[in-house]
Every structure is written in C-alpha cells, then in structure tokens.
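First up is the structure itself, then whatever we jot down about it.
What follows is calculated from the coordinates using simple rules that are stated; it is not laboratory data. None of the values given here were measured: they were computed from a predicted structure. Here the Cβ positions follow ideal geometry from the backbone for every residue, glycine too, while neighbour counts run over all protein chains shown.
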Amino acid sequence: MAIRPPISPGQWINSRAELLPMRPALTFQGTTWTYREFVEQIDRLAGALHAQGVRQGDRVGFLAFNHSMFLVALFATSKLGAIYVPLNFRLTGAELEFIINDAGVHTLIVGPDHQSVLEPVRGALKCQRFFGFGGHSEAWPDIAREMERATPVHAAAEMDPDDVAILIYTSGTTGRPKGSMMTVGNIWATMVNEMLMVDVLSTDTLLTYAPLFHVGGLNVLTMTTILKGAHVVLHQSFDPGQVIADIARYKVTLAFAVPAMLLFISQHPDFEKADMSTLRSVSVGGAPCPEPLLKLYNGRGIAVNQGYGLTETCAMASFLTPEWCWQKMGSVGKPPPLTQLRVIDATGEVITQPHARGEICVRGLNVTRGYWNRPDATRDALSEDGWLRTGDVGYFDEDGFYYICDRVKDMVITGGENVYPAEVESVLYEHPSIAEVAVIGEPDEKWGEAVTAVVALKPGTTLTLEQLQEHASQKLARYKIPRRMHIVPALPRNPTGKVLKYVLRDRFAKSAGGEKQ
C-alpha cells in the first residue's frame with residue numbers, strides 16, 4: 001500500500017493547533033487568533049464548503065484584498081482535498097472570467113471590494129456557488145452565515161504528494177494566463193527549502209503585506225511561518241507607513257519584499273526614526289536588490305536574504321545568504337537543498353563553462369507539475385526528466401553562484417550586439433537622480449533596436465540624455481549606452497513589483513518621443 005505522508009496544508013495546520021494551541025497564529029486589522037481559534041474558523045468554513053457540495057478535486061476560488069479569510073479558505077479547501085484558486089484582485093472582470101472558467105471553479109468567494117468587478121461578467125461564470133464576506137449583499141450571500149450553521153470538518157482528507165493543492169495563474173504578459181499546478185509535495189518542499197535557508201523559528205513574527213494571491217506573498221515565508229507555528233501579521237495592502245509602525249508594534253522579526261517596496265519604505269518620513277531593532281532579516285525577490293538599498297538596510301542591522309524564483313518553482317529556485325551578498329554582488333545565489341539549477345545553450349546542450357550565458361533551467365521537488373488544461377504549454381516548459389525552462393538568461397561563476405542577466409525576450413539586439421537590460425539598469429541606478437529605471441529596445445532603422453532608458457526621477461531632480469550617457473560611459477561599452485531616454489512619473493509594475501516592460505515597449509515603440517542621439 002502506498003504511503004501518504006500527512007503533508008497537505010489541511011493536515012499540518014491541525015498538527016500546529018494540537019502542538020501550540022495558544023500560540024498566536026494570525027493577526028489581521030487588530031484582531032489576533034491563536035492556532036486553536038484559527039483552526040476552528042478553518043473547520044467551520046470546511047464544513048460550509050462541504051455542505052455546498054465541494055468535494056475532493058473541486059476548485060474553490062477566492063477574490064479579495066489580503067484578508068484573514070484568504071488563509072482560512074486556503075486551509076479549509078485543503079481539508080476537503082479540493083484545489084484552491086487565489087485570484088489576482090487587480091484584474092478586470094473579463095480577465096477574471098477567463099481564469100475562473102478555465103479553472104472550472106465550483107465555489108467562488110469574493111470580498112466586498114471586488115463583487116462589483118465581477119457583476120458585468122457574472123452571468124458568464126460557470127461556478128455552481130457564489131459567496132461574499134465582509135459585507136451584506138443579496139447577490140453574494142455571506143459565507144459567514146454558512147459557517148455558523150454548518151457542521152465543522154476537522155479531519156483532513158488524505159492527499160498524495162502529487163495531488164494539486166493550489167492553482168496560481170501566471171501574469172499572462174505574453175498571452176493568456178496559465179494555471180500553474182502546485183502540488184502538496186511542491187508546497188512541502190518549498191517550505192523545507194525556506195526553513196533551511198532562512199532559519200524560520202517558531203518564535204518569529206512575520207509581517208506579510210505582499211499580495212497573497214501571488215506565489216511570493218504566499219509561499220515566501222507566509223506558509224512556512226504557519227508551518228513552524230509562528231505568528232503572521234497580515235496587512236490588507238502595502239502601506240509603507242503602516243509597515244514601519246507594525247514592525248515596532250508587533251516586534252516583527254521577518255519580512256518579505258520586492259526591492260520597490262524596500263525603496264518606498266526607506267523614502268517614508270518615519271523610516272529614519274523608526275524602531276526596527278527586532279527585524280532580523282528581510283527576504284527579497286522579484287528583482288535584484290540595488291546596492292544602495294542593501295547598504296541602507298544593512299546599516300540598520302537588517303540582514304537581506306536574496307532569491308530567485310518563479311510561479312512554476314513555488315517561489316524559490318535559488319538563494320543568496322547575507323553572508324555572501326557583498327562578495328557575490330548581483331548573484332541570486334545557489335539552489336537550496338531540494339532544487340537543482342543548470343544553464344543550457346540555444347541548442348539545448350548543457351553549459352559547463354563558468355560565465356557562459358544561456359537559459360536557466362530548474363529541477364526539483366518544488367517545480368510544479370505544469371499548467372492546468374495546457375498540455376502543450378507544459379511540454380514546452382518541462383522536459384521529460386523534469387527540467388523547467390525559465391526563459392531567463394544567466395550563468396554561473398567558478399564558485400557555483402548563479403547570476404540572472406535578463407529575460408530571453410527582454411534582450412536588446414542593437415547593431416548585431418546583444419545587450420542585457422539588467423546590466424545597464426544596474427549602472428544607471430547608481431545615478432543620484434534616478435529613482436527607477438527600465439531599459440528596453442526601441443525599433444531603429446539604423447541599429448535594428450536602440451537601447452532606451454525609461455526613467456522615473458527622484459523628487460526635485462533633473463536629468464538629460466547627455467548626463468545619463470556620461471554616467472553610463474564610465475562602466476559600459478559604447479554599444480550598451482542608451483541612445484534614447486524617456487522620463488515617466490513611475491514605471492508600470494505587476495503585483496510582485498516586477499516592471500512590465502511589454503507595456504513600455506508597446507507605448508514607446510509607437511511614439512517618436514524621447515531624447516535621442
């Protein structure tokens with residue numbers, strides 16, 4: 001008989017409540033639940049979902065800002081052996097319609113701020129049940145009432161490690177979003193990797209303000225903190241001032257952020273005088289952490305863990321510890337224990353020479369099964385022996401540390417030379433006037449593509465193309481120096497903080513604006 005280890009979220013949350021019933025589990029908007037109270041809420045929602053016909057393998061969708069109900073619904077869904085589908089609250093109704101129907105959501109739970117978003121497309125949704133929470137609406141019956149009348153479900157359904165637990169849809173920047181199938185085993189492996197690399201303690205307090213619908217907000221520390229029986233302080237959305245205040249209020253020890261969030265926190269007027277003495281480390285992903293930010297936070301006694309990952313790797317594919325951040329500046333580190341990395345060339349051959357650039361590939365227990373209803377996309381992304389093609393260009397050095405140069409599709413080819421925007425951006429970020437910068441390729445009759453800098457300036461500063469070029473010329477070859485520049489108020493970003501370069505390309509490819517040379 002096959003052994004089914006009790007590693008599903010619905011199973012291990014019960015273990016936490018039994019071992020640490022009175023330990024604080026979750027704080028949201030001033031209310032704190034112990035692990036016992038947290039599991040009582042989970043059991044009630046599991047009972048309500050079961051009463052509405054949710055069974056093993058069914059999909060339960062959730063759409064709202066960060067909320068305690070998000071985590072309650074995730075664990076309740078797992079207790080039934082069903083599949084959780086967290087939805088991006090920034091999408092339009094039409095975009096959400098595609099994802100909800102593609103996933104085949106049985107029961108949809110929607111917060112009060114997003115019910116109006118779905119109203120125009122509700123008739124096209126194929127869900128069997130619709131519920132709301134946090135407000136009264138006849139069209140969206142309150143799931144809390146169902147929880148009150150339902151018989152709680154405490155025992156968790158048995159699940160195999162290969163059973164899908166969560167469907168997280170990719171951003172769809174190059175086409176329709178795809179549902180990445182995160183299994184029970186994937187989640188477990190990710191948490192083991194993080195516990196080994198970050199050293200999460202049961203006495204820690206994590207502050208979560210990144211969107212939970214995204215793999216970074218959910219899997220980088222939030223789920224791991226709960227597995228350890230530690231305390232999660234959850235914010236509805238990212239507010240730099242509130243982050244600073246709650247670090248002191250709750251004696252926060254851990255946090256996750258993308259570099260843009262760290263930047264905004266550091267620019268808040270309360271940052272300099274804030275008490276951050278309990279904050280042991282911040283884990284950073286989504287983009288490389290610029291050196292000035294690294295120095296700033298290290299100067300406050302805060303260690304910065306850096307990593308690299310994708311939705312398809314359940315967040316973590318590599319990790320750079322604080323001990324190596326200065327010796328290996330710009331590196332994304334090495335793969336954690338349950339993960340492997342390699343680099344391949346354009347023909348698919350494995351590169352064995354350090355510093356030779358190619359496409360990064362990932363294999364490990366944290367790599368997802370593929371894409372929901374998309375066997376074609378799964379075949380394109382995953383090899384038969386489990387290697388995931390990331391679409392990222394990178395290399396490794398003599399010590400086995402990996403570096404990400406850029407996305408394959410973001411590379412600029414100018415005059416026959418390959419230019420990796422991340423390399424140019426890292427130099428431009430050193431200019432004192434630049435707050436944000438993205439480098440793209442613009443169509444050019446002479447060069448094929450012109451290296452172009454899209455810049456957001458710091459308040460009260462100015463910058464000309466000539467000044468930018470003079471700065472870049474000190475560290476970059478001539479063909480890498482931007483030939484054009486556009487000044488914008490801010491760069492467009494997705495919920496994880498990554499710059500949406502396709503938006504910039506679409507915008508500026510159609511215009512003749514910008515300074516040129």
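Per residue, the convex hull spanned by the alpha carbons of the stretch 1-100 comes to 119 Å³. Bridging of residue 480 to lysines at a Cα separation below 21 Å is possible for 409, 446, 501, 516, once same-chain residues fewer than 8 apart are set aside.
Taking a ≥ b ≥ c as the square roots of the eigenvalues of the Cα gyration tensor, an a/c ratio below 1.5 marks the stretch 414-516 as rounded. The amide H of residue 270, built 1.01 Å from its N in the peptide plane, has no neighbour under 5 Å, considering only residues 5 or more places off or on other chains. Taking θ as phi - 60° and the Karplus parameters 6.51, -1.76 and 1.60, the scalar couplings of the stretch 476-487 work out to 10, 4, 4, 6, 8, 6, x, 8, 9, 8, 10, 9 Hz in sequence order, x denoting glycine and proline.
Other residues whose C-beta falls under 11 angstrom from the C-beta of residue 252 contribute a net charge of 0, scoring Lys and Arg +1 and Asp and Glu -1. Working from Cα positions, state the angle (0 to 90°, nearest 10) between the long axis of helix 184-198 and the longest principal axis of the chain. For helix 184-198, the angle is close to 60 degrees.
Straight-line cross-link partners of residue 273 among the lysines, defined as a Cα under 16 Å from its Cα and at least 8 positions apart when in the same chain: 251. Which whole-Hz couplings ³J(HN,Hα) result when phi for each residue of the stretch 247-261 is put into the Karplus expression 6.51 cos²θ - 1.76 cosθ + 1.60, θ = phi - 60°, listed in order with x for Gly and Pro? The phi angles translate into 4, 6, 4, 9, 6, 5, 10, 9, 7, 10, 7, 8, x, 4, 5 Hz. Pairwise alpha-carbon distances in the chain exceed 43 Å for 17% of all pairs. For 357, 55, 44, the sequence from fewest to most other C-beta atoms within 10 Å is 55, 357, 44.
Annotation: amide H of residue 305 within the under-5 Å range of 282, 283, 284, sequence separation 5 or more or interchain, hydrogens built in the peptide plane. Think of it as helices only: each DSSP H run of n ≥ 4 in the chain is worth -39500 (n - 2.57), and spread over all residues that comes to -8000 deg cm²/dmol at 222 nm.
Relative contact order for the stretch 414-516: 27 percent, from Cα pairs under 8 Å spaced at least 6 residues apart, divided by residue count. As a length-normalised measure over Cα pairs under 8 Å and 6 or more apart, the relative contact order of the stretch 189-407 settles at 15 percent. Partner lysines whose Cα lies under 27 Å from the Cα of residue 126, excluding those fewer than 8 positions away in the same chain, are identified as 79, 178.
Where both bridge residues fall in the chain, DSSP classifies roughly 55% of the beta bridges as antiparallel.
Whole-Hz Karplus values for the stretch 266-275 come out as 5, 8, 5, x, 8, 4, 4, 9, 5, 8 Hz, taken residue by residue from phi with 6.51 cos²θ - 1.76 cosθ + 1.60 and θ = phi - 60°; glycine and proline positions read x.
Each of 237, 266 was scored by other Cβ atoms within 10 Å of its Cβ. Arranged with the fewest first, they read 237, 266.
Note on the stretch 189-407: with charges restricted to the Cβ of Lys and Arg (+1) and Asp and Glu (-1), its dipole about the Cα centre is near 420 debye. The rule of thumb for compact globular proteins, 2.2 N^0.38 Å, goes into the C-alpha radius of gyration of the stretch 189-407 1.04 times. In a simple Cβ point-charge model (Lys, Arg +1; Asp, Glu -1; nothing else charged), the stretch 438-509 has a dipole of about 280 debye relative to its Cα centre. Placing a pseudo-label 7 Å from each Cα along the Cα-to-Cβ vector at residue 278 and residue 36 gives an inter-label distance of 2.3 nm. Across all directions, the shadow cast by the convex hull of the stretch 228-271 built on its C-alpha atoms averages 3.4 square nanometres.
Taking every DSSP beta bridge that has both ends in the stretch 126-257, the antiparallel portion is near 40%. Taking amide hydrogens as placed 1.01 Å from N in the peptide plane, the amide H of residue 61 sits under 5 Å from those of 85, 106, 107, 108, 109, each at least 5 positions away in sequence or on another chain.
When only Cα pairs below 8 angstrom with a gap of at least 6 residues are kept, the stretch 1-136 shows a relative contact order of 21 percent.
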